[in-house]
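A.B. asks: Dropping the structure in here first, questions after.
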Amino acid sequence: MRTTPVQTSDWRGVFPVPPLCRRNDKTRSLDFDANNRLVRYMHSNGIRNLLYGGNAFLYHITLAEFDELLGWLNGLADDLWCIPSAGPSYGRLMDQAALLRRYNFPTVMHLPCGDPRDAAGLERGLREFAQALGKPLILYLKDETNFGANLDAGLDAVARMVADGVCIGIKYAVVRQDPSVDAYLDGLLKRVDRSVVISGIGERPAIAHLRDFKLPGFTTGSGCIAPALTLRILQACQAGDWTAAEPVRQSFIAHEDLRDGWGPARVLHAATALAGIAETGPIPPFISPLSAEQLAKLKIAAADLYATNQAGAPVAV
């Protein structure tokens, strides 16, 4: 696992957000053989960044499992940048800080929360977490009210944390009907350098975010199934070849439609197994599994996406 400090240039990339494989046993224990298989598949397709967060259901992970996850990530290949997520609550963050300090992760992402909060209070808590951790954070802006109902106060709080080195990166994931029109993202980019802001909603808005807002990179869920394809989108965007990027982006949309319709994390969890990449096992409570009818439809989309990836970049798993 890479342990060198984060540089601004590091955000010029693709950041897969993988599922977390579990065994079909009584406690749904973490299956690191299957997780290794998934990581080897992505790595063999050129992936060098891993962001474990919502798709891994880290909202619902126990502290003991979190410690297991950190130890496993710490042992991955030296050229892999592994980013764990923590939180979302203040108490949870401080408990997890003690576990995170045992390792040398260059940064940790804070999971967005939906409980009562405001910009000043959230800023204070995140500063205390970063101090306890001894590392800078990635902030995940999932909706406009992440930092409270006062949007300007929230964006100002984010800007202060970036300026003070508390925040070293921002995952921007506010969904828009037209991702090229986004006043909130405009407001953010007036306050912080766009070089530390990555698109955080997968392939659907990726081209618009990189072309129209000049963001340096993007996260992906479906890219765990088609990592070579998602890298092709990035490379085309970096070359300014938006025409070449668009048909590759379109190959993700059928799978992304199912994720948006049925829940991004649980669809990716099932699709990874249905594509034959790795057995992901059961998902934890409070999320229900997909129905047999949904799985049958998803299997077609997942297999098509996987086959399209393999046709362009055959790999040995």
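The values are calculated or read from the model by the stated rules, or taken from the named source; none is laboratory data. Nothing here was measured: the structure is a model prediction, and the numbers come from that model. Note: ideal-geometry Cβ built from the backbone for every residue, glycine included; neighbour counts use all protein chains shown.
A.B. asks: Is it fair to say GLU256 is assigned to a helix (DSSP H, G or I), out of contact with any Asp or Glu (no Cβ under 9 Å at 6 or more places or on another chain) and either touching a residue at least 24 places away in the same chain (Cβ under 8 Å) or not β-branched (Val, Ile, Thr) (or both)? Lay out the reasoning, then the answer.
C.D. replies: Values: assigned to a helix (DSSP H, G or I): yes; out of contact with any Asp or Glu (no Cβ under 9 Å at 6 or more places or on another chain): no; either touching a residue at least 24 places away in the same chain (Cβ under 8 Å) or not β-branched (Val, Ile, Thr) (or both): yes.
In short, no.
A.B. asks: Would you check which residues across the range 136-170 are within 16 Å of PRO88 (Cβ to Cβ) and acidic (Asp, Glu) and list them?
C.D. replies: ASP143, the sole residue that qualifies.
A.B. asks: I've got another one for you. Can you report the number of residues in the range 279-307 which are closer than 24 Å to GLY200 by Cα and in contact with a Cys (Cβ under 9 Å, 6 or more places away or on another chain)?
C.D. replies: 1
A.B. asks: Identify all residues within the range 303-317 that are in contact with a Ser or Thr (Cβ under 9 Å, 6 or more places away or on another chain), within 14 Å of PRO227 (Cβ to Cβ) and modelled with pLDDT of 95 or more; write none if there are none.
C.D. replies: Result: LEU305, THR308, ASN309.
A.B. asks: Moving to a separate point now. I want to confirm something. Restricting to the range 14-53 and keeping residues that are touching a residue at least 40 places away in the same chain (Cβ under 8 Å) and surrounded by fewer than 18 Cβ atoms within 10 Å (Cβ to Cβ), which single residue is nearest to LEU100 (Cα to Cα)?
C.D. replies: Selected residue: PHE32.
A.B. asks: Can you tell me which residue is nearest to THR8 (Cα to Cα) among those in the range 116-155 that are of a type in the set (Phe, Trp, Tyr) and either surrounded by fewer than 22 Cβ atoms within 10 Å (Cβ to Cβ) or touching a helix residue (DSSP H, G or I) at 6+ places or on another chain (Cβ under 6 Å) (or both)? Don't jump to the end; show me each part of the working.
C.D. replies: We begin by selecting, within the range 116-155, every residue of a type in the set (Phe, Trp, Tyr); these are 129, 140, 147.
Next, only the ones that are either surrounded by fewer than 22 Cβ atoms within 10 Å (Cβ to Cβ) or touching a helix residue (DSSP H, G or I) at 6+ places or on another chain (Cβ under 6 Å) (or both) stay: 129, 147.
Details: PHE129: 22, PHE147: 24 Å.
For the range 116-155, the residue satisfying everything is PHE129.
A.B. asks: Given the conditions (1) farther than 20 Å from ALA34 by Cβ; (2) without any contact (Cβ under 8 Å) to a residue 12 or more places away in the chain, and given that ALA273 satisfies all but one, which numbered condition is not satisfied?
C.D. replies: Only one criterion is unmet by ALA273, namely (1).
A.B. asks: If I filter the range 230-255 down to residues being farther than 23 Å from ARG22 by Cβ and in contact with a Ser or Thr (Cβ under 6 Å, 6 or more places away or on another chain), which single residue comes out as surrounded by the most Cβ atoms within 10 Å (Cβ to Cβ)? Explain how you work it out, then say what you get.
C.D. replies: Going residue by residue through the range 230-255, those that are farther than 23 Å from ARG22 by Cβ are 230-254.
If we keep only those that are in contact with a Ser or Thr (Cβ under 6 Å, 6 or more places away or on another chain) as well, we get 230, 251-252.
Values: THR230: 32, SER251: 20, PHE252: 26.
Ranking the candidates gives THR230 first.
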